[in-house]
């Protein structure tokens, strides 16, 4: 019938679409061919600019074309006056803005804008700041725009204080704040640096910030960003590496140095200096695994002259990084070893000592979080924050409660179970070490704690007996070799499959690894290099079912008494 | 990831998928069990071209995620993926193919690497590719994405990765590549992507990976380069493009890769970064790139991600270089991971 709209079938629609794309592609290819031709023949002119306009408008990631535009502009800059350059750049900025409206996330577009702003004769930075504000209004998480803003701020010398106010405004708008909190984490230490903690703001500022972030997460407990930021506020700066312990062994003729952070000792350098009875001693430092990569422990061999058993005593002094940290230990006549070790609590190894003010604030925060948790029992961020607050306030007093919260948190957020188990393990090891301190213990019991990972082994070089039975360990870290004094190691009832990668433990005499998941003798190959090992228990492992297990093990470990059944 | 497979093979640009590779990539470097591997593995219920965005309304800020339909495939269509890649470059007049010419070298690297991981490299046209790469090396030594395009570190790395895969570095002037990379390092240790000066930690990774594959890492000031990358570490343990930039999973991949290559992984706060990364995993099992952001994806990264998670049909992939492990073993470039 006449006058009626003809409705296309889906087939016809698809065909029409295909033809349209083909036409677009044709046009695209023609334009790019023309552009490359002009470039090849050195025609750096306005027509070339116009051609690239069309392409970059739809495909701003075509980086070579932005390069070409820059070449053209530089060429025109040579030929024209300053006003013409100004006008050209203005045009460029306008074109860039239209590109950004189509695609605000192209690296090429933003970088070109930076370049233009660095070339324009009279840059209008205020206008650029406004542009940023506009784009952030559209998408507050656009990191390209934030990075551009920081570029503008630096060129225009906008103050950090002003930028802080800018984030204030965004945060009170209460939506998608991660980028703003992140920016604050950069601005605050710049505005109010804590001289004792590089990269962190002063305590006064931290306390105010805690109040601010608390408001944020109580207003919207599901906004992740405030909780992430809060964890940073609770933290502290990484301290410079210090020497935790120096241990000298007459038996091994060796000296071990344990550090608080991984360090590198460059051969032939003055990084780590050793003085034996006031005289400098040249030694070769190595890590326990011999690979000399950044590590927490460095060892050296001592010459016989440094260990004369008739002398009443030998004094060993170790200097790190030009005296940044030093320690001295004494080896008395008749004694097989000597050591000097830091106090974990005094040196604030695991947590900062809190001022009364900070302690009060955190205590009240803990109470408020518990109230929130009662209202929103499924909120995992709140649960984790409660744990972190308890940790900061008093790890030992809150231990039982912390473990209970871990259970609740794992139930609320099962996807993070593995991470939470590891975190929980770290806290338990820390607590054990804190308790050890009071007893001056060399026997450590970490059994039955559900540990999934071991850490802080650099704190245990003096331990002689370690019980790790009944945990959930899948393997042993090479760092275990830092336990230079370890004589007895209990590993029964874990999930250990192999000891591959474990460097020799120089003093280990007895190893019990019953009820694990060791499949075959080759999984125990490293034990062949353990000089003192003479007892090995392996009941309840899959390798017990192998027909030749006993003989293979005997061949691998001839000096060791092995129980397989 | 299996849930985003297409009938034609290939894995769609879909929520979280390139990050689904980056994250296991980074985590496998130092916290192998942090991501809920079971959940990620069993996220196979749907195959669809359009993903539904379902905000999770727990009151307050919605969390963008996908819904996986009950009839989605639960097996990996490895052959279909291989077919998809093998025929990808054939239709030279395909719209998307033309539009993506600006990254062709990287596209070839993705395609070849995924084919090799699936044991299908022989289906690709080696000689044609080698000739292509040769014609993309410029006077300055740098390599471009395609013929006629300008050289850039991104494509220089991709080219070197391809040539390493094919054991054919001789088709280019390696010394000039080394000179090119070296020339892009700035005083503060950072690397520009090309002569036009864009600074980004992605380029620090490109530089380090390129030189490491060529055995020439020592031509640049490694200490300064490390200093610059570390200056991009943020409050949350992550890394951004430049100092002061927000953390992003892609950048984190580049920076941890860089630190692995330069033997500096101990400088990372594993507890903090591990937490940030495992929080990228959404209820569907997929991963986003940063808090409350959703990103699209590539077939290579989906397959490589599965390799890192232990899929036995796929060859082991290096989490540092995103290349097959056996290739890196051949050239003896296997940086330490965090133990």
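The values are calculated or read from the model by the stated rules, or taken from the named source; none is laboratory data. In this text the structure is predicted, and so the values were computed from the model without any measurement. Here the Cβ is made from the backbone with ideal geometry for all residues, glycine too, and neighbour counts use every protein chain on show.
Tabulated values for the structure
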| quantity | calculated |
| --- | --- |
| Output for the range B:80-95, where each listed residue is modelled with pLDDT of 80 or more, over 17 Å from residue A:31 (Cβ atoms) and within 14 Å of another protein chain (Cβ to nearest Cβ) | B:94 |
| Which listed residue, of A:331, A:388, is closer than 30 Å to residue A:278 by Cβ, modelled with pLDDT of 95 or more and touching a helix residue (DSSP H, G or I) at 6+ places or on another chain (Cβ under 9 Å) | A:331 |
| Subset tally (residues that are in contact (Cβ under 8 Å) with a residue 40 or more places away in the chain, touching a helix residue (DSSP H, G or I) at 6+ places or on another chain (Cβ under 8 Å) and closer than 24 Å to residue B:315 by Cα) for the range B:115-148 | 6 |
| Test set (1) within 30 Å of residue A:183 (Cβ to Cβ); (2) more than 14 Å from chain A (Cβ to nearest Cβ); (3) without any contact (Cβ under 8 Å) to a residue 40 or more places away in the chain - residue B:207 fails condition number | (3) |
| Number of the exception - residue A:72 against (1) more than 22 Å from residue A:148 (Cα to Cα); (2) within 13 Å of chain B (Cβ to nearest Cβ) | (2) |
| Restricting the range A:173-191 to residues that are surrounded by 16 or more Cβ atoms within 10 Å (Cβ to Cβ) and assigned to a loop (DSSP other than H, G, I, E, B), the residue that is farthest from the other protein chains (Cβ to nearest Cβ) | A:177 |
| Which numbered condition residue B:80 misses (of (1) more than 20 Å from residue B:326 (Cα to Cα); (2) in contact with a helix residue (DSSP H, G or I) (Cβ under 8 Å, 6 or more places away or on another chain); (3) touching a residue at least 12 places away in the same chain (Cβ under 8 Å)) | (2) |
| Matching entry among B:251, B:267 (being buried (at least 24 other Cβ atoms within 10 Å of the Cβ) and either more than 9 Å from chain A (Cβ to nearest Cβ) or closer than 25 Å to residue A:187 by Cα (or both)) | B:251 |
| Qualifying residue in the range B:156-164 (condition: away from chain A (no Cβ under 14 Å), without any contact (Cβ under 8 Å) to a residue 40 or more places away in the chain and surrounded by 21 or more Cβ atoms within 10 Å (Cβ to Cβ)) | yes |
| Selected residue [assigned to a loop (DSSP other than H, G, I, E, B), at pLDDT below 95 and away from chain B (no Cβ under 14 Å)] from A:441, A:469 | A:441 |
| Test: residue in the range A:143-162 that is within 11 Å of another protein chain (Cβ to nearest Cβ), at pLDDT below 95 and closer than 19 Å to residue B:64 by Cβ | no |
| Matching residues, the range B:236-248, being on the phi < 0 side of the Ramachandran plot and more than 8 Å from chain A (Cβ to nearest Cβ) | B:238, B:239, B:243 |
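Residue-wise test of (1) farther than 27 Å from residue A:151 by Cβ; (2) over 25 Å from the mean Cα position of the chain (by Cα); (3) outside any helix (DSSP H, G or I).
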site	(1), (2), (3)
A:163	no, yes, no
A:199	no, no, yes
A:204	yes, yes, no
A:209	no, no, no
A:216	yes, yes, no
A:227	yes, no, no
A:232	no, no, no
